[in-house]
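The block underneath contains the structure these notes are about, expressed in structure tokens.
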Amino acid sequence: MSRRLEPGRLVIASHNDGKVREIRPLVAPFGIEPVSAKELGLPEPVETGTSFFANSELKARSAADLSDLPALADDSGICVEALDGAPGVYTADWAETPAGRDWLLAMTKVEEALAAKGPAASRAAAFVCVLTVAWPDGETRAFEGRVDGHLVWPPRGDRGFGYDPVFVPAGHDQTFGEMDPDHKHRISHRARAFAKLKAELLD
């Protein structure tokens, strides 16, 4: 029988308060109380992995080892077919500036890279998320979620974050940036990864 996440504290291996707020209502029905790595004063590990799985495991493993509690980490990004999967695991890096992350700059970089490929370049893209649970005894479990779609330009909508304003999921005509947030959260790459996690570790 598969190992389960038991009621009690679960470290969210992130210094992003928004991620903890997003995860809390998902796990609360199972008696799990999420606490962020930031709240526990844990350091942010350097993400040296070259895949979503590697970086997700690295973050979860670090948090579990340092806290002696189960930990959940998320690594996600957008993969553009015509750019050989870029930005991929470097999704956030494309937004980095000396003043912080500039997502319009990141979206512009993607659009310029596509434009350089010529008008026939595919605009297919996918958001990918890997959620990893790590336990203090060394066991880890990883779950991948993916939503396919295509890129549009210029950006549309101000309801999402990151690359949401240029991504239209397959079967829809709105970008994630235009979509009602509750609807987006039901069909997102993170929601799909969490559904797999829930089926194996919580239900």
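Bear in mind that the values in this text are calculations on the coordinates, not laboratory data. Keep in mind that what you see is a predicted model, and the values were worked out from it rather than measured. Every residue, glycine among them, receives a Cβ derived from its backbone with ideal geometry; neighbour counts consider all protein chains shown.
What's the angle, to the nearest 10 degrees (0 to 90), between helix 189-201's Cα axis and the longest principal axis of the chain? It works out to around 20 degrees. Does segment 76-126 come out rounded, prolate or oblate, given a ≥ b ≥ c as the square roots of the eigenvalues of its C-alpha gyration tensor, rounded meaning a/c under 1.5 and, failing that, prolate meaning a/b above b/c? Note, shape of segment 76-126 comes out oblate.
Using the Cα centre of segment 8-201 as the reference point, and only Cβ charges (+1 on K/R, -1 on D/E), how large is the resulting charge dipole? Debye, rounded to the nearest 20.
Details: 21 positive and 29 negative charges, 77 e Å.
Roughly 380 debye, rounded to the nearest 20.
From its DSSP helices (H runs of at least four residues, each -39,500 (n - 2.57)), the chain gives a residue-normalised ellipticity at 222 nm of -9000 deg cm²/dmol. The value for segment 79-166 of Rg(Cα) / (2.2 N^0.38 Å) is 1.27.
Neighbour counts of C-beta atoms inside 10 Å place ILE78, ILE23, ILE187 in the sequence ILE187, ILE23, ILE78, starting with the fewest.
Here the Karplus relation 6.51 cos²θ - 1.76 cosθ + 1.60, evaluated at θ = phi - 60°, turns the backbone of segment 98-106 into coupling constants of x, 9, x, 7, 10, 6, 5, 4, 4 Hz, with x for every Gly and Pro.
Over the chain, the fraction of Cα-Cα pairs per 5 Å bin, rounded to whole percents and listed from the shortest bin up, is 1, 7, 15, 19, 19, 15, 11, 7, 3, 1, 0.
Please report ASP75, ASP182 as a ranked list, fewest other C-beta atoms within 10 angstrom at the top and most at the bottom.
Values: ASP75 26, ASP182 7.
Ascending number of Cβ neighbours within 10 Å: ASP182, ASP75.
Give the order of LEU66, LEU151 when sorted by the count of other beta carbons within 10 angstrom, beginning with the fewest.
LEU66, LEU151
Comparing GLY157, ALA82, GLN174 along the charge dipole axis of the chain, the residue lying farthest to the positive side is GLN174, per the Cβ-charge model.
Can you tell me the orientation of helix 17-27 relative to the chain, as the angle in degrees between its alpha-carbon axis and the longest Cα principal axis, to the nearest 10? With both axes taken from Cα atoms, the answer is about 60 degrees. Give the long-range amide H neighbours of SER14: residues separated by 5 or more places, or on another chain, with amide H under 5 Å away, using H modelled in the peptide plane at 1.01 Å from N. So SER14 has HN proximity to ALA37, LYS38. The mean sequence separation of alpha-carbon pairs under 8 Å and at least six residues apart, normalised by the residue count of the chain, gives a relative contact order of 18 percent.
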